[in-house]
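The values are calculated or read from the model by the stated rules, or taken from the named source; none is laboratory data. What you see is a predicted model, and the numbers here were worked out from it, not measured in a lab. Glycine also receives a Cβ, built like all others from the backbone with ideal geometry; neighbour counts cover every protein chain displayed.
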Amino acid sequence: MCGRYSLEVSYDLFASRYGIEVESIEYSGSKEIFPTNQSPLIMNQKDLVLGKWGFSNPYSSKVLINARLETVNQKPTFKKAFQETRCLIPATSFFEWEKSGTEKEKRKIFVDRQFIFSMAGIVRQEEDQLVYSILTMDSNEEFKHVHHRMPVILQAKDELKYLNKNTSIKDVLSLCQQSNPVLLVR
């Protein structure tokens, strides 16, 4: 699961990381991005847009902030977005709550040797705004002690392939399943 994340970086570093040449949105970094907040997304190689975190849920007042990689291509809520409008969700860290007995401790997680990393996301249009959800998967071995789920974190070399609409769904699922970053828990 991924319930909060951060993007603590200047616009210049952000733009440089993703090869963005024109400032197309008003951007400011954030120490903690919550569900329903607006945040930058990368679409179609170098398009920078703002999206609201969380698909609306017709059965609840809670938004759907995560989509399970294992079922994203089957669930009607996520299938079309996964097949047609994938995005990169830039982050510098994400947060998870580690259980210790009856207590929970908030942990800040970084990707080793990647100041800015990309979580795999899906996007759809709802009324007059873009909304997005983060893909999650079973945690890798080193992270299981914190939580059983983690965001799909793409390797930089796979980002454009993930965004490309011509990449087969089988290949997109395969590159997501290969996600196994070294995570630093603080």
Exercise. Condition test on ARG68, is it modelled with pLDDT of 95 or more, crowded, with 19+ Cβ neighbours inside 10 Å and either within 16 Å of the chain's Cα centre (by Cα) or not acidic (Asp, Glu) (or both)?
Worked result: no
Seminar exercise, completed: All-but-one check, LYS52 against (1) closer than 26 Å to SER174 by Cα; (2) charged (D, E, K, R); (3) touching a residue at least 24 places away in the same chain (Cβ under 8 Å), failing number (1)
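Restricting attention to the range 116-154, which residues are among the β-branched types (Val, Ile, Thr) and within 14 Å of PRO40 (Cα to Cα)?
In the first step, residues of the range 116-154 are kept if they are among the β-branched types (Val, Ile, Thr); the result is 116, 122-123, 131, 134, 136, 146, 152-153.
Matches in the range 116-154: ILE116, ILE122, VAL123, VAL131, ILE134.
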For this session: Report yes if TYR59 is surrounded by 17 or more Cβ atoms within 10 Å (Cβ to Cβ) and either more than 15 Å from the chain's Cα centre (by Cα) or outside any loop (DSSP other than H, G, I, E, B) (or both), otherwise no.
Result: no
Problem set entry | Number of positions in the range 147-166 that are surrounded by fewer than 18 Cβ atoms within 10 Å (Cβ to Cβ) and of a type in the set (A, V, I, L, M) | 2
Exercise. Exactly one of (1) of a type in the set (D, E, K, R); (2) over 18 Å from LEU88 (Cβ atoms); (3) in contact (Cβ under 8 Å) with a residue 24 or more places away in the chain is unmet by LYS165. Its number?
Worked result: (2)
Problem set entry | Residue list for the range 41-56, filter: surrounded by 15 or more Cβ atoms within 10 Å (Cβ to Cβ), over 18 Å from ASP128 (Cβ atoms) and touching a Leu at 6+ places or on another chain (Cβ under 9 Å) | ILE42, LEU48
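In the set PHE110, PHE95, which member is in contact with a Leu (Cβ under 8 Å, 6 or more places away or on another chain), at pLDDT 95 or above, closer than 20 Å to GLY29 by Cα and surrounded by fewer than 21 Cβ atoms within 10 Å (Cβ to Cβ)?
Numbers: PHE95 fails: in contact with a Leu (Cβ under 8 Å, 6 or more places away or on another chain).
Just one listed residue meets the conditions, PHE110.
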Problem set entry | Residue that is nearest to PHE117 (Cα to Cα) [pool: residues in the range 1-42 that are touching a Phe, Trp or Tyr at 6+ places or on another chain (Cβ under 6 Å) and aromatic (Phe, Trp, Tyr)] | TYR5
For this session: Test MET137 against the stated conditions and say whether it is modelled with pLDDT of 95 or more, under 25 Å from PHE55 (Cβ atoms), in contact with a helix residue (DSSP H, G or I) (Cβ under 8 Å, 6 or more places away or on another chain) and not charged (D, E, K, R).
Result: yes
For this session: Could you grab me the full set of residues in the range 75-100 that are under 19 Å from ARG149 (Cα atoms), free of Cβ contacts under 8 Å to residues at least 60 places away in the same chain and outside any strand (DSSP E or B)?
Result: LYS75, PHE78
Exercise. What are the residues in the range 9-49 that are in contact (Cβ under 8 Å) with a residue 60 or more places away in the chain, hydrophobic (A, V, I, L, M, F, W, C) and assigned to a strand (DSSP E or B), if any?
Worked result: LEU41, ILE42, MET43, VAL49
